Amino acid sequence: MNKIVVEAPAKINLTLDIKGKRSDGYHELETVMHQVSLSDKITLEKAKGISLTSNSNLIPTDATNLAWKAAKLILAKFNDKAGVKIYIEKNIPVGAGLAGGSTDAAAVLLGLNRLYNFNLGTGILGDLALELGSDVPFCLFPASTAIARGRGELLTPLSNLKKLHFLLVKPDFQVSTREIFAGFSLEQVVKTPDLDAFIKAWQEYEVCSLNKYMVNVLETVSIKKYPEIRQIKQKLKNRGALSAVMSGSGPTVWGWFNDLDILEDAYNYFSANYQEVFKVSSYVRGE
Ligand code: C5P
């Protein structure tokens with residue numbers, strides 16, 4: 001095998017809580033991550049050295065790209081004579097809170113593991129992933145929904161009872177994850193997600209109570225800086241979303257709908273006003 005194509009799905013955070021600041025400068029997270037059906041497509045071809053191209057001019061195509069760093073890391077450790085030509089078909093918006101860069105990096109680790117028969121297990125791949133970024137371990141985790149703790153690497157799978165449907169609305173700007181975390185203070189938080197209650201509602205698929213526990217404490221920082229995020233949340237709710245919450249550090253807001261006709265109406269409304277609007281569902285591999 002000389003070439004492999006790997007799907008790299010986006011994630012949203014259904015809940016996001018921060019328990020405090022750690023001695024390593026990162027924040028102690030407790031978040032439910034959920035992969036959705038908006039994917040980049042990564043083509044990996046055996047080659048000499050590392051190179052990267054993309055259909056998008058919004059991402060770097062040099063060694064600063066996280067996918068390049070992933071290739072460098074795994075090849076340096078397990079076959080320093082090998083190289084790879086990476087092509088990224090970019091569909092996930094950049095700087096959006098949807099783990100676009102992290103999922104590309106995870107796909108490179110998974111793909112090179114197969115292309116070069118490294119036969120690395122999830123433990124080693126998870127360690128390499130965390131070296132690249134806090135969201136990368138989840139992106140290569142086999143379960144498409146998981147609770148992530150620690151920096152994001154302590155993962156507990158949650159099974160999906162139902163396929164959920166969302167509208168993703170990304171305003172026309174990007175945010176810096178580092179800046180949003182740096183602006184976070186526990187004192188500003190008025191509402192935290194109740195994870196135990198969320199899990200119970202998730203496992204029993206109690207639509208009416210699930211939305212109560214879908215809370216992201218980073219909204220306290222992002223909304224203050226970018227009030228448009230609050231407006232999008234409100235508009236999504238006005239258009240029938242059961243809940244509307246910012247993903248990660250933002251700025252993308254997801255709206256959860258269980259009526260596909262209402263979702264379609266909301267899609268028509270938002271796509272007339274925003275450039276990056278996506279109808280997505282819970283991710284199912286190979287679908
Ligand atoms: O790990 P990653 O490089 O993706 O994180 C980007 C930034 O987000 C970090 O530099 C840090 O400021 C912040 N972060 C954090 N705590 C986490 C994850 C990320 O403070 N658990």
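Shape call for the stretch 122-203 from the C-alpha gyration tensor, a ≥ b ≥ c root eigenvalues: rounded (a/c under 1.5), prolate (a/b greater than b/c) or oblate? Rounded shape, in that the Cα axes give a/c under 1.5. Computing FRET efficiency as 1/(1 + (r/R0)^6) for residue 185 and residue 55, where r is the C-beta to C-beta distance and R0 is 45 Å, gives about 0.65.
Database remark: amide H of residue 153 closer than 5 angstrom to no amide H (H placed geometrically; neighbours at sequence offset of 5 or more, or on other chains; Pro and chain starts carry no H).
Of the residues 75, 130, the one with the largest accessible area comes first in the ranking 130, 75, computed with a 1.4 Å probe on protein heavy atoms.
Helical runs (DSSP H, four residues minimum) scored at -39500 (n - 2.57) apiece and divided by the length of the chain put the mean residue ellipticity at 222 nm at -10000 deg cm²/dmol. Would you kindly give the portion of the calculated P(r) for the chain that falls above 30 Å, as a percent of all Cα pairs? In whole percent, the share of Cα-Cα pairs in the chain beyond 30 Å is 29. Compared with the direct C-alpha span, the chain from residue 91 to residue 276 gains 65.6 nm at full extension, assuming 0.36 nm per residue.
Only the Cβ atoms of Lys and Arg (+1) and of Asp and Glu (-1) were treated as charged; on that basis the dipole of the stretch 6-162 about its Cα centre amounts to roughly 240 debye.
For the chain, set up a GNM with springs between Cα atoms under 10 Å and report which of 251, 60, 193 has the largest fluctuation. Among 251, 60, 193, the largest mean-square fluctuation in the Gaussian network model of the chain belongs to 60. Note on the stretch 66-90 and the stretch 131-185: Cα centroid distance 23 Å, given to the nearest whole angstrom. Comparing 100, 133, 183 in a Gaussian network model of the chain, where Cα atoms under 10 Å apart are tied by springs, the biggest mean-square fluctuation is seen for 183.
Across 71, 201, 99, mean-square fluctuation computed from a Gaussian network of the chain (C-alpha pairs under 10 Å connected) peaks at 201. Ligands, DNA and RNA are left out, and with a 1.4 angstrom probe the accessible area of the stretch 190-275 is 48 Å² per residue. Using a simple spin-label model with pseudo-atoms 7 Å out from Cα toward Cβ, residue 260 and residue 159 lie 2.5 nm apart. Qualifying trypsin sites (Lys or Arg not before Pro) in the stretch 44-105, where qualification requires a DSSP coil assignment and no more than 10 other C-beta atoms within 10 Å, comprise 48, 81. Sparse packing (at most 16 other Cβ atoms within 10 Å of the Cβ) combined with a DSSP loop state is found for the following GluC sites (Glu not before Pro) in the stretch 186-250: 206.
Ordered from longest to shortest, the equivalent ellipsoid semi-axes for the stretch 69-214 are 31, 19, 16 Å, each the square root of 5 times a Cα gyration tensor eigenvalue. Taking amide hydrogens as placed 1.01 Å from N in the peptide plane, the amide H of residue 83 sits under 5 Å from those of 47, 49, each at least 5 positions away in sequence or on another chain.
Size descriptors for the stretch 167-220 (Cα atoms only): Rg and Dmax, in that order, 14.2, 37 Å.
Pairwise Cα distances in the stretch 21-130 exceed 25 Å for 24 percent of all pairs.
The phi-based Karplus calculation (6.51 cos²θ - 1.76 cosθ + 1.60; θ = phi - 60°) puts the 3J(HN,Hα) values of the stretch 11-16 at 10, 10, 9, 7, 9, 8 Hz, whole numbers, x for Gly and Pro. Peptides 18-24, 29-35, 62-68, 113-119 ranked from most to least packed give 29-35, 62-68, 113-119, 18-24, packing being the mean of other C-beta atoms within 10 angstrom over each peptide's residues.
About the centre of its Cα atoms, the chain shows a dipole size close to 440 debye [charges on the beta carbon of Lys, Arg (+1) and Asp, Glu (-1) only; nearest 20 debye].
Loop-resident trypsin sites (Lys or Arg not before Pro) (DSSP state other than H, G, I, E or B) in the stretch 180-271 with no more than 14 further Cβ atoms inside 10 Å of their Cβ: 191.
The values are calculated or read from the model by the stated rules, or taken from the named source; none is laboratory data. Here the structure is a predicted model, which means the values were calculated and not measured. Virtual Cβ from ideal backbone geometry, glycine too; neighbours counted across all protein chains shown. Accessible surface areas use protein heavy atoms only, side chains included; no ligands, DNA or RNA. Shrake-Rupley method; radii C 1.70, N 1.55, O 1.52, S 1.80 Å.
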